[in-house]
Amino acid sequence: DESITSVTSVPPDETQNDTPNQAAFTTTRGQAIRSKIVTLSPQADRAGTAQAKALDWIVRGDEMELDASDPDLIQRYVVAVMYYSMGGDSWPFPGWLNGKRDECRFPGVVCNGQGRIHMISLVSSGLTGNIPSEMSRLVDLKTLEFNDNDISGTVPMELGELPHIEDLQLADNDLQG
């Protein structure tokens, strides 16, 4: 017995323009994920930010349909934030943020035997924008190669908190700090 649920989208009024589409978060799963993500990444609660887009993708567009207790939720969210923060739509990898694939299979992402991201190599890949501070949540990251792109802004101080980082390559960008 299948039932169909209809969701009606109501345009936000002037007082609600700082929060993402609330219809996406009406399910128990969506509310639990939102609560967990906003705790670590407060920008996820601001419409239009890379963090809000990543949260929306996790809840509505990601076919993996992880729940808030899944140990891969945070790393999947972080790579989605990276995608939206760094001009992912213009990267030379069509469908990079593929909701049908494990994030360990995204181009340029390598995981260890436990499925934790330990390397991201996107050299000369057309990255733009800023490196998001959320990258510091990839606690098993050993290698980050973003050299020869068009990244700007400052290097997030939080990257210095990565406990296992051994190789950080950011040359040939427009970075400061």
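General remarks:
- Evaluation of GLY113 against the conditions (1) within 24 Å of GLY48 (Cα to Cα); (2) out of contact with any Asp or Glu (no Cβ under 7 Å at 6 or more places or on another chain) shows that the sole unmet condition is (1).
- Scanning region 108-131 for residues that are surrounded by 15 or more Cβ atoms within 10 Å (Cβ to Cβ) and of a type in the set (Gly, Ala, Ser) returns GLY108, SER121, SER125, GLY126, GLY129.
- Sole exception among (1) touching a strand residue (DSSP E or B) at 6+ places or on another chain (Cβ under 9 Å); (2) within 27 Å of PRO42 (Cβ to Cβ) for PRO156, by number: (1)
- Every residue from region 92-130 that is among the hydroxyl-bearing types (Ser, Thr, Tyr) and either out of contact with any strand residue (DSSP E or B) (no Cβ under 9 Å at 6 or more places or on another chain) or more than 14 Å from LEU144 (Cβ to Cβ) (or both): SER124, SER125, THR128
Here, each number is a calculation from the coordinates, and none is a lab measurement. Computed from a predicted model, the values in this text were never measured in an experiment. Neighbour counts are summed over all protein chains in view; Cβ atoms, including those assigned to glycine, are modelled from backbone coordinates with ideal geometry.
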